[in-house]
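The values are calculated or read from the model by the stated rules, or taken from the named source; none is laboratory data. As the structure is a computational prediction, the values presented were derived from the model and not from experiment. Positions of Cβ are backbone-derived with ideal geometry, glycine not excepted, and every protein chain shown enters the neighbour counts. Heads up: the accessible areas ignore ligands, DNA and RNA and are worked out on the full protein's heavy atoms, side chains in. Shrake-Rupley method; radii C 1.70, N 1.55, O 1.52, S 1.80 Å.
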Amino acid sequence: MSKDLINKILITLGFIFIYRLLAYVPVPGVNIDVVKEFFDSNANNALGLVNMFSGNAVERLSIISLGIMPYITASIIMELLAATFPALGKMKKERDGMQKYMQIIRYTTIVITLIQSVGVSMGLNSLTGQSGQGAISIDMDTFIAVSSISMLTGTMLLMWIGEQITQKGIGNGISLIIFAGIVSAIPSAIGGTIDLVNNGQMSFLTVIAIIVIILATVGAIIYVELGERRVPVSYSRKVMMQNQNKRVMNYIPIKVNLAGVIPAIFASAILMFPATILQGSQNEYLLVVADYLSPTSYTFNLFMFLFVVFFAFFYASITFNAKDISENLKKQGGFIPGVRPGASTAEFLNETASRLTFWGAIYLGLISTVPWLLVKAMGVPFYFGGVAVLIVVQVAIDTMRKIEAQQYMNKYETLSAVGL
């Protein structure tokens, strides 16, 4: 590794370390023991899933309890608006417009964070521990103001850390923050599993079966995520002569999973929101609905599969623009053999992407639900889902690709310097 690459890796690790430290900074005026007691009793429902994605910051009611999800929600909203309104989509493509676009995302993140932080603060007012002690130790109005500002500051810090990692480190900063939050829960999960085995609540064969399921899930994710359809491209003789000393890509890579991990994250967020809200209800009928929407229920996983498939098609249609690819290809003097340039090329690429997205959507839906079904069938007393594994493996693959790309770039720069 070059010195530049090592520095980028160290910068990334340093920012992730800061992120993990922030997870231990509580919001002022909170009785942490009462909050932790509440989350321990709700470890297997939607609240436990939210806590896992935050790296256990929620059960400590840290200043980063809301995590990076407000930023992701704002980004998804802007993506949808950019696809709906041409003027916003044009702004995103321009260099100066992109800065304004990102600024709008930041302002939207602030609004979403404030709404969520006020809602969480008000919800804590009715939370009490087994000893009757309240979760808030100061005046309610003061607490709402202090906690809202604290959580907003925490989310803004996470957003800044993510941008710094992307610019100065290696990999996508936002993805690595989610990755670090999930991975940080692995040691406690291993410790909990060992305790279950020692207490006789789980057999050693069951543990081996779980390990096999995890390895099979990881293998399936790697196999599909690296899969792509390479559409051949030919260039005119004039273009080839002009680029004879340059590398001209002679294919268009179209991934099997064009949507990435966004459909799984979005589906989880939508399903967890009503389940989390209904957990605090005392109404008998609403509690029944909450049970149906619990991550450990079959209905939750059925909806998860359907929502993931839907958002996979929806998000792929936004991110993959066959018309732009066709126009750029035509400008560069390239064409797909047997397909006319222009509208015919765009139609061909759309059909190809649609077929791949169908299988990619089914793959995402199965990965998000099947591991839990297998673990449930074995009678395991804790929640295990494929969404967390999917995020971890995808981010790991993406980061490794960027490290390899940086290594190749350094080699080319060295060879160019030697040649000069």
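Computed quantities for the displayed model
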item: Residues being in a helix (DSSP H, G or I) and at pLDDT 75 or above - total across the stretch 233-255; result: 0
item: Subset of the stretch 1-42 (residues that are open to solvent by 30 Å² or more (accessible area, probe 1.4 Å), in contact with a helix residue (DSSP H, G or I) (Cβ under 8 Å, 6 or more places away or on another chain) and not hydrophobic (A, V, I, L, M, F, W, C)); result: 2, 4, 8, 20, 26, 28
item: Enumeration of residues in the stretch 131-153 that are among the hydroxyl-bearing types (Ser, Thr, Tyr) and either touching a residue at least 40 places away in the same chain (Cβ under 8 Å) or open to solvent by 50 Å² or more (accessible area, probe 1.4 Å) (or both); result: 131, 137, 142, 147, 150, 153
item: Residue ID - farthest from the chain's Cα centre (by Cα), chosen from residues in the stretch 154-179 that are surrounded by fewer than 20 Cβ atoms within 10 Å (Cβ to Cβ), in contact (Cβ under 8 Å) with a residue 24 or more places away in the chain and outside any loop (DSSP other than H, G, I, E, B); result: 168
item: Qualifying positions in the stretch 127-184 - over 20 Å from residue 64 (Cβ atoms) and touching a strand residue (DSSP E or B) at 6+ places or on another chain (Cβ under 6 Å); result: 128, 134
item: Matching residues, the stretch 95-116, being farther than 24 Å from residue 143 by Cα and either free of Cβ contacts under 8 Å to residues at least 40 places away in the same chain or in a loop (DSSP other than H, G, I, E, B) (or both); result: 95, 96, 97, 98, 99, 100, 101, 102, 103, 104, 105
item: Qualifying position, being hydrophobic (A, V, I, L, M, F, W, C), surrounded by fewer than 18 Cβ atoms within 10 Å (Cβ to Cβ), within 16 Å of residue 363 (Cα to Cα) and modelled with pLDDT of 80 or more, among 258, 226; result: 226
item: Test: residue in the stretch 117-135 that is in contact with a helix residue (DSSP H, G or I) (Cβ under 6 Å, 6 or more places away or on another chain), at pLDDT 80 or above and either farther than 22 Å from residue 24 by Cβ or assigned to a loop (DSSP other than H, G, I, E, B) (or both); result: yes
item: So residue 276, is it hydroxyl-bearing (Ser, Thr, Tyr) and either surrounded by 19 or more Cβ atoms within 10 Å (Cβ to Cβ) or at pLDDT below 75 (or both); result: yes
